[in-house]
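Each remark here refers to the structure printed beneath this line.
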Amino acid sequence: MDRLDKESRTHALLAMVKIRLAEEEIQNLFMANLVRGTTHLAIGQEACSAGVALALSKGDTVTCSYRGHGHALALGMSLRSLMAEMMGKESGACKGRGGSMHMTDKSIGLLGANAIVGAQLPIALGAALTAQVRRTGAIAATFFGDGAANIGLCHESMNMASVWKLPVIFICENNLYGEYSHIRETTPIDDIADRAGAYAMPGVIVDGQDVEAVHAATVSAAERARNGQGPSLLELKTYRYGGHSRSDTAPYRKPGELAQWQERDPIDILAARMYSDGELDPEEFLEIKEAIAGEVFDAVEWAKAEPFPSPQSLEDYVYAAS
Amino acid sequence: MPTMTYRQAVTEAIAAEMRRDDAVVFFGEDVAKAGGVFKVTPGIYEEFGPVRVRDTPISEQAIVGTALGAAITGLRPVAELMFADFIPVAMDQIVNQVAKYRFMSGGQFTVPLTIRASQGAGGGFGTQHSQCAESWLMNFPGLKVVAPSSPADMYGLLRAAIRDDDPVIVLEHKSLYNLVGEVDLEAAPEELGQAAVARAGEDITLVATQQMLQRALATAEKLADEGIKPEVIDLRSLAPLDGATILRSVRKTSRLIIVEEAPRLGGWGANVAALVADEGLFYLDAPIKRVNMENALIAYSPALEDEIIPNAQRIEGAVRQLLS
């Protein structure tokens, strides 16, 4: 039922590998001091962004959290645009004004990654309101973590989206940790999806490591939204292999927990299925990975050589006239 | 030219822009079917219908965030936050999202968003429903903040705010809702960021907004009988701040009093004083004087509420002190 055709599977596989390799490289760039501040990697969670992106249509919009490189790449942001933004260059997605936590690309429907936990949710409501008022048929998806599920604005947004029957999909990537704290220490329930009932919307638990399951759940929620039936809450059960941010080595995790999740790696799961269905062989997969590694290398080298914004442009984009 | 109240000028401005541009939508708590808790927006829902005019849940953060999302995707929302004291409830959305959205995307979006709220003391609403918000909002590049003081300015500035491609916070003073004045409904919108000379004079400059402007004008009228001619500047816009109009006046009068319905520390008047100290120090014949709320909070009891708001006596006293 959830099975994608070979073309879509290949698309999802490429997206996930691209996210994985790009994020590994971003970590290296940090170590080399080419990337400043902090960054939040989604290694291990690639099926969430890739599966949702595959289910969206042109004109749909997305907001997401600061763990947003994966969403940007899955939606089609170019590696060069991403890497240049990571390095604060003028040719970056946000002309170097945003950085790791604010990846934004209007041309692919990415209305912005957000550095304030949960602040991206109502922005998706607004995009959905535009779609509803203008009758465009578009929907808005908003990604957030299990941590954001405990932000008051999450409640406000789900409630108002449901009252107005806005075409929104709330996508909670439950990776078990809000910053350094396990969900059991901060949240009295295991399943965020349980909260959907309070907003009279469907709450669906999805295997977030299975890109085909993520895709199928998103297709259902999108159909419901486009039909005027209002929002849905998808809870994608997933795991981040790294810590919360750059400096976090995640010593708070139970021994063996990471290895257990790595056994259900989203890229491996899809590749194994494609092997067994005769859609991919290990040699082809290796070639795919090498080709993407080459693209990542190219993007990084290109971005390194790009110029920073000129100091004279400091006041640009503060107001509309500039 | 028709006369109307400040309250009606709000209604007329929103209706005019909604008729002119179908991208304008309007929502907030009790603004649609009830016509607003201050009866500021009656008839808007009836004229424009439930798609463009909506009552919201009591969810200030979601109201502002939704308005932002709509603004960056093609609508031109007017969001109401009822009492300006509720602005802090939505402060993250206003400060970290609305103000920064264009900038942090590298100019990919404009944010044509208007946020309206009702502010000010004098109505016996107590300490959490009586504050003025402009000083809180001036420290965020990306925002524009206006405080109209007359029906004509309300009509002109609110329409300008709605047409503006940047986020504008329009603060309405509760005590002015029944103020009557002439309004040219066919006039072009005002330009944002411009102060106005509300009363020309030559002896001393009084800078004020809204309720304090009314009191400054009353003081000027009274002093005119004695031959003292204060010039009264209606600031109108807090961000941008119109330094040129203030400096032009101080150059003429050589004396400056700033009257603000705000606590002294961090009040907007400090910015006006700093501006004049920086760029107009040698115009001055006397120190700059500020008439503020004291370092106390707005009480419910009328005896205390009346005491904290700068009144005509205090303004007059400051003028006499500076002219002596």
Open item on the list: Just to be sure I understand: with springs between alpha-carbon atoms less than 10 Å apart, which residue in A:ASN150, A:ASN114, A:ASN33 has the highest mean-square fluctuation in the Gaussian network model of chain A?
Closed with: A:ASN33
Task: region B:90-142, relative contact order [Cα under 8 Å, separation at least 6], % - done: 34
TODO: Might you work out the accessible area of A:SER310 for me, using a 1.4 Å probe with all protein chains in place, and round it to the nearest 10 Å²?
DONE: 50
Open item on the list: Taking amide H atoms as placed 1.01 Å from N in the peptide plane, list the residues 5 or more away in sequence, or in a different chain, whose amide H sits under 5 Å from that of B:ILE169.
Closed with: B:ILE115, B:LYS144, B:VAL145, B:VAL146
Task: GNM top mover of A:VAL17, A:VAL204, A:VAL163 - chain A, alpha-carbon springs below 10 Å - done: A:VAL163
TODO: Scan chain B and report its longest stretch carrying no GluC sites (Glu not before Pro) that are both in a DSSP loop and have at most 15 other Cβ atoms within 10 Å.
DONE: B:1-185
Open item on the list: From the P(r) of the protein assembly as shown, could you give the percentage of C-alpha pairs in the tail past 38 Å?
Closed with: 41
Task: Solvent-accessible area buried by pairing B with A, both sides, nearest 100 square angstrom, 1.4 angstrom probe - done: 3400
- [ ] Using only Cα atoms, tell me the angle between helix B:151-163 and the longest principal axis of chain B; keep it within 0 to 90° and round to the nearest 10.
- [x] 50
Task: Per DSSP, loop trypsin sites (Lys or Arg not before Pro) in region B:15-101 with at most 12 further Cβ within 10 Å - done: B:LYS33, B:LYS39
- [ ] With a 1.4 Å probe and every protein chain left in place, work out the accessible area per residue of the protein assembly as shown in Å², rounded to a whole number.
- [x] 38
TODO: Round to the nearest 10 and give me the degree value, 0 to 90, for the angle of helix B:243-253's Cα axis relative to the longest principal axis of chain B.
DONE: 20
Task: Neighbourhood net charge (15 Å Cβ-Cβ; Lys/Arg +1, Asp/Glu -1) for B:ALA32 - done: -1
Open item on the list: List the residues, sorted by chain then number, that are 5 or more residues from B:VAL207 or on another chain and whose placed amide H is less than 5 Å from its amide H.
Closed with: B:ILE233, B:ILE257, B:ILE258, B:VAL259
TODO: First compute the accessible area of the protein assembly as shown with a 1.4 Å probe, then give the percent of it belonging to carbon and sulfur atoms.
DONE: 52
Open item on the list: Need one value for A:104-115: mean number of C-beta atoms belonging to other chains within 10 Å of its residues' C-beta atoms.
Closed with: 4
Task: Listed residues B:PHE86, B:PHE26, B:PHE282, most fluctuating in chain B (Gaussian network, C-alpha, under 10 Å) - done: B:PHE282
Open item on the list: As an exercise, identify the trypsin sites (Lys or Arg not before Pro) in region A:21-106 lying in DSSP coil whose Cβ has no more than 16 other Cβ atoms within 10 Å.
Closed with: A:ARG36, A:LYS58
TODO: Wrap a convex hull around the Cα atoms of region A:6-305, take a quarter of its surface area, and give that in square nanometres.
DONE: 14.8
Task: Loop sites in region A:1-30: trypsin sites (Lys or Arg not before Pro), DSSP, at most 13 other Cβ within 10 Å - done: A:ARG3
- [ ] Select from B:VAL10, A:GLY126, B:PRO151 the residue farthest towards the positive end of the dipole of the protein assembly as shown; place +1 on Cβ of Lys and Arg, -1 on Cβ of Asp and Glu, and compute about the Cα centre.
- [x] B:PRO151
Task: Shape parameters for chain B, alpha-carbon atoms, Rg then Dmax in Å - done: 19.4, 61
Task: Environment charge at A:TYR241 (Cβ cut-off 11 Å; Lys +1, Arg +1, Asp -1, Glu -1) - done: -2
Task: Accessible-area order (highest first, 1.4 angstrom probe) of the listed residues A:VAL52, B:VAL197 - done: B:VAL197, A:VAL52
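The values are calculated or read from the model by the stated rules, or taken from the named source; none is laboratory data. These numbers come from a predicted model, not from an experiment. Please note: Cβ atoms are built from the backbone with ideal geometry, for glycine as well, and neighbour counts cover all protein chains shown. To get the accessible areas, we keep the full protein, side chains included, count just its heavy atoms, and leave off ligands, DNA and RNA. Shrake-Rupley method; radii C 1.70, N 1.55, O 1.52, S 1.80 Å.
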